[in-house]
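Undergrad: Below are the structure tokens for one structure; questions will follow.
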Amino acid sequence: MMGKLKNTGLIGLGVVAGVAVSLQFSAMAQKTVEPPLPLEELRQLADVFGLIKSDYVEPVEDKKLLTEAISGMVASLDPHSAYLDKKAYAELREGSEGKFVGLGIEIGLSEDGYIKIVSPIEDSPAYRAGIKAGDLITRLDGQPVKGVSLDDNVKRMRGEPGTQVSLTIARKDEPQPLAFTITREEIHQKSVKAKMVEPGYAWLRVSQFQEPTVDDMAAQITALYQQDPHLKGMVLDLRNDPGGVLQGAIGVSAAFLPKDAAIVSTNGQLPDSKQVFYGRAEYYAFRSDGDALAKLPAAIKQVPLVVLVNTGSASASEIVAGALQDYKRATIIGTQTFGKGSVQTIRQLTADTAVKLTTARYYTPNGRSIQAKGIVPDLLVDENADGDGLNGLRMREADLTKHLSNDRDKESDKAAPVNDEMEEQLRILALEKNRKPLEFGSKDDFQLNQALNHLKGLPVQLAKAEPVVVQADVKKEQKK
């Protein structure tokens with residue numbers, strides 16, 4: 001079984017238009033008994049293929065037609081099944097390994113449509129070139145970035161190792177634009193950050209679950225305890241974490257839970273999709289030469305813990321939040337999570353292409369299905385003191401067309417209502433336009449401050465307009 005587990009890779013990695021996507025590499029065997037092919041429908045497919053080839057306004061390559069047919073067939077199943085062409089498959093593998101070829105910058109959109117540098121990654125080409133947080137990229141290779149989507153601009157900055165890209169930078173207090181020519185390199189991205197936010201209180205952020213996440217988290221926790229061996233409390237920040245490798249979710253959960261605790265289970269048609277995953281090294285370690293969690297301070301199992309989540313917390317991050325909530329190991333604070341509770345398996349078609357296919361649902365230790373529901377926090381706290389801001393306008397799994405139902409709690413398939421009145425949306429957008437962009441972990445981080453209040457036993461400011469959340473049916477939650 002463990003030989004197959006090593007090929008089990010991803011749950012929830014990737015965001016497309018703000019929607020978390022779940023993935024899982026697997027060596028699961030195909031079913032041996034195949035149903036008879038629908039010959040009549042296949043003949044219709046062949047007929048349509050022939051009509052396009054003969055009658056369409058201009059010639060179309062056979063490969064394009066067949067590739068698009070495969071893509072459409074898979075995409076019609078649910079929002080997370082997809083055909084992966086060469087580029088998409090390569091990007092998926094890069095993301096799971098926590099590395100990519102580029103400049104080494106974390107970016108976002110500025111209010112006026114430029115690319116804002118959130119932070120250069122330490123020891124990256126951008127970092128060494130002198131790029132600073134707060135810089136605005138106005139041009140890439142001489143071409144304006146305004147009017148181009150952020151995804152497309154990211155693609156322009158990616159490329160082959162050793163190639164160059166020129167940036168035109170606007171920097172505060174600099175009267176003239178700055179020009180940089182940066183050579184692309186392979187970047188190793190750290191998915192874990194940590195710091196002491198107050199004496200006795202630590203902040204640990206996991207932005208995405210990648211292959212190195214468990215090792216990186218263990219190193220960060222060890223460093224925190226070296227700074228203060230008597231931590232009074234810790235905040236595990238999973239906000240806007242779209243998910244990632246299953247092993248990462250298991251390892252992060254296992255760091256705080258009793259030894260060998262059940263973390264998550266999966267269920268689908270294939271025998272190997274019916275599994276329970278435990279907090280043991282064989283389930284979360286990518287290497288056989290050690291257990292990254294073995295040398296953690298014993299106090300990490302008892303330190304008072306708060307987990308921060310929001311609508312952007314999806315899939316693997318929901319696995320962690322759900323496990324810690326079920327064992328009553330942590331208080332979950334924030335807003336209802338995305339609700340991505342299905343598992344996708346990568347079936348390789350050629351050396352460069354694959355199909356991402358939904359093969360199972362996953363469940364918390366108590367048997368709760370997260371699908372189309374998410375994790376409801378123990379304490380509902382808005383992103384800001386005066387409301388939930390843009391977080392309240394985000395889509396959730398239950399808003400997606402053709403999403404899977406929740407098989408354990410049918411009522412929970414209803415999304416928490418989102419106020420879609422145009423007037424209300426415009427009001428929120430106007431309010432947020434003048435708000436300083438939120439930096440997670442900063443002194444202005446309202447939800448973090450409320451988490452610290454909870455750890456200290458102080459009052460917590462709950463959501464002003466408490467959203468209507470779907471309460472689970474306890475009887476239906478019992479694992480079958």
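The values are calculated or read from the model by the stated rules, or taken from the named source; none is laboratory data. Since we're looking at a predicted model, the values are computed, not measured. Cβ: placed from backbone, ideal geometry, glycine included. Neighbour counts: every protein chain shown. Side chains included, ligands, DNA and RNA excluded: accessible areas come from the protein's heavy atoms. Shrake-Rupley method; radii C 1.70, N 1.55, O 1.52, S 1.80 Å.
Undergrad: Take the residues in the stretch 349-368 that are of a type in the set (Gly, Ala, Ser), at negative phi and touching a residue at least 60 places away in the same chain (Cβ under 8 Å); name whichever of them is surrounded by the most Cβ atoms within 10 Å (Cβ to Cβ). Steps first, answer last, please.
TA: Going through the stretch 349-368, the residues of a type in the set (Gly, Ala, Ser) turn out to be 351, 354, 360, 367.
Next, from what is left, pick out any that are at negative phi: 351, 354, 360.
Next, from what is left, pick out any that are touching a residue at least 60 places away in the same chain (Cβ under 8 Å): 354, 360.
Numbers: Ala354: 23, Ala360: 25.
Once the filter is applied, the top-ranked residue is Ala360.
Undergrad: Moving on to the next point. Identify all residues within the stretch 279-291 that are without any contact (Cβ under 8 Å) to a residue 60 or more places away in the chain and surrounded by 20 or more Cβ atoms within 10 Å (Cβ to Cβ); write none if there are none. So that I can check it myself, show each step before the final result.
TA: Within the stretch 279-291, the subset without any contact (Cβ under 8 Å) to a residue 60 or more places away in the chain is 279-281, 287-291.
Of everything in the stretch 279-291, just one residue is without any contact (Cβ under 8 Å) to a residue 60 or more places away in the chain and surrounded by 20 or more Cβ atoms within 10 Å (Cβ to Cβ), namely Gly279.
Undergrad: Which of the residues spanning the stretch 156-166 are out of contact with any helix residue (DSSP H, G or I) (no Cβ under 8 Å at 6 or more places or on another chain) and in contact (Cβ under 8 Å) with a residue 40 or more places away in the chain?
TA: First pass over the stretch 156-166, keeping only residues out of contact with any helix residue (DSSP H, G or I) (no Cβ under 8 Å at 6 or more places or on another chain): 156-164, 166.
Result: Met157, Arg158, Gly159, Glu160, Pro161.
Undergrad: Restricting the search to the stretch 428-457, which residues are open to solvent by less than 50 Å² (accessible area, probe 1.4 Å) and modelled with pLDDT under 75?
TA: Initial filter on the stretch 428-457 (open to solvent by less than 50 Å² (accessible area, probe 1.4 Å)): 428, 432, 440-442, 445-448, 450-453, 455.
Hits for the stretch 428-457 are Ile428, Glu432.
Undergrad: Criterion first (in a strand (DSSP E or B), open to solvent by less than 50 Å² (accessible area, probe 1.4 Å) and in contact with a strand residue (DSSP E or B) (Cβ under 7 Å, 6 or more places away or on another chain)) does Ser96 satisfy it? I'd like the intermediate steps shown before the answer.
TA: On the way: in a strand (DSSP E or B): no; open to solvent by less than 50 Å² (accessible area, probe 1.4 Å): yes; in contact with a strand residue (DSSP E or B) (Cβ under 7 Å, 6 or more places away or on another chain): yes.
Spelling it out, it is not the case that Ser96 is in a strand (DSSP E or B), open to solvent by less than 50 Å² (accessible area, probe 1.4 Å) and in contact with a strand residue (DSSP E or B) (Cβ under 7 Å, 6 or more places away or on another chain).
Undergrad: Name the residues in the stretch 308-354 that are of a type in the set (Val, Ile, Thr), modelled with pLDDT of 95 or more and within 20 Å of the chain's Cα centre (by Cα), would you?
TA: Val309, Ile319, Val320, Ile332, Ile333, Thr335, Thr337
Undergrad: Could you tell me how many of the residues in the stretch 236-253 are over 20 Å from Phe338 (Cα atoms) and either more than 19 Å from the chain's Cα centre (by Cα) or not in a helix (DSSP H, G or I) (or both)?
TA: The total comes to 0.
Undergrad: Here's something else I'd like to know. I'm told Ala90 meets every condition in (1) part of a strand (DSSP E or B); (2) within 30 Å of Thr350 (Cβ to Cβ) except one. Can you identify the failing condition by its number?
TA: Only one criterion is unmet by Ala90, namely (1).
Undergrad: Okay, next question. From (1) farther than 30 Å from Ser405 by Cα; (2) touching an Asp or Glu at 6+ places or on another chain (Cβ under 8 Å), pick out the condition that doesn't hold for Glu198.
TA: For Glu198, the failing item is (2).
Undergrad: Do we find a residue being modelled with pLDDT under 85, at positive phi and in contact with a Ser or Thr (Cβ under 7 Å, 6 or more places away or on another chain) anywhere in the stretch 7-28? Lay out the reasoning, then the answer.
TA: At the first step, the residues of the stretch 7-28 found to be modelled with pLDDT under 85 are 7-28.
So of that shortlist, the ones also at positive phi come out as 12, 14, 17-18.
Retained after the next criterion (residues that are in contact with a Ser or Thr (Cβ under 7 Å, 6 or more places away or on another chain)): 12.
Yes: one or more hits.
Undergrad: Within the stretch 397-423, take every residue that is assigned to a loop (DSSP other than H, G, I, E, B), modelled with pLDDT of 80 or more and not aliphatic (A, V, I, L, M) and give me the one that is surrounded by the fewest Cβ atoms within 10 Å (Cβ to Cβ).
TA: The qualifying residue surrounded by the fewest Cβ atoms within 10 Å (Cβ to Cβ) is Thr401.
Undergrad: Aliphatic (A, V, I, L, M) and either touching a Gly at 6+ places or on another chain (Cβ under 7 Å) or open to solvent by 20 Å² or more (accessible area, probe 1.4 Å) (or both), is that true of Ala321?
TA: Working: aliphatic (A, V, I, L, M): yes; either touching a Gly at 6+ places or on another chain (Cβ under 7 Å) or open to solvent by 20 Å² or more (accessible area, probe 1.4 Å) (or both): no.
Answer is no for this residue.
Table: residues versus (1) open to solvent by less than 40 Å² (accessible area, probe 1.4 Å); (2) more than 15 Å from Ile182 (Cβ to Cβ); (3) part of a helix (DSSP H, G or I).
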| site | (1), (2), (3) |
| --- | --- |
| Gly108 | yes, yes, no |
| Asp112 | no, yes, no |
| Ile131 | yes, no, no |
| Arg139 | no, no, no |
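Undergrad: Can you tell me which condition Tyr201 does not meet? The list is (1) open to solvent by 10 Å² or more (accessible area, probe 1.4 Å); (2) free of Cβ contacts under 8 Å to residues at least 40 places away in the same chain; (3) not basic (Lys, Arg), and all the others hold.
TA: Every listed condition holds for Tyr201 apart from (2).
Undergrad: For the stretch 73-93, what are the residues that are open to solvent by 70 Å² or more (accessible area, probe 1.4 Å) and within 19 Å of Gln189 (Cα to Cα)? Let's see the steps before the verdict.
TA: Step one: filter the stretch 73-93 for residues open to solvent by 70 Å² or more (accessible area, probe 1.4 Å), giving 73, 77, 85-87, 91, 93.
Selection gives Glu91, Arg93.
Undergrad: Is one or more of the residues making up the stretch 266-274 crowded, with 24+ Cβ neighbours inside 10 Å and aliphatic (A, V, I, L, M)? Break it down stepwise before answering.
TA: From the stretch 266-274, those crowded, with 24+ Cβ neighbours inside 10 Å are none; that's our starting set.
There is no residue in the stretch 266-274 that is crowded, with 24+ Cβ neighbours inside 10 Å and aliphatic (A, V, I, L, M).
Undergrad: Is there any pair linking a residue in the stretch 263-277 that is closer than 14 Å to Pro365 by Cβ to one that is in a loop (DSSP other than H, G, I, E, B) and open to solvent by less than 20 Å² (accessible area, probe 1.4 Å), with Cβ under 6 Å and at least six apart or on different chains, and which?
TA: Note: pairs meeting the criteria are Ile263/Gly279.
Undergrad: Test each condition in (1) open to solvent by less than 80 Å² (accessible area, probe 1.4 Å); (2) in a strand (DSSP E or B); (3) without any contact (Cβ under 8 Å) to a residue 60 or more places away in the chain for Asn153 and report the one that comes out false.
TA: Failing condition for Asn153: (2).
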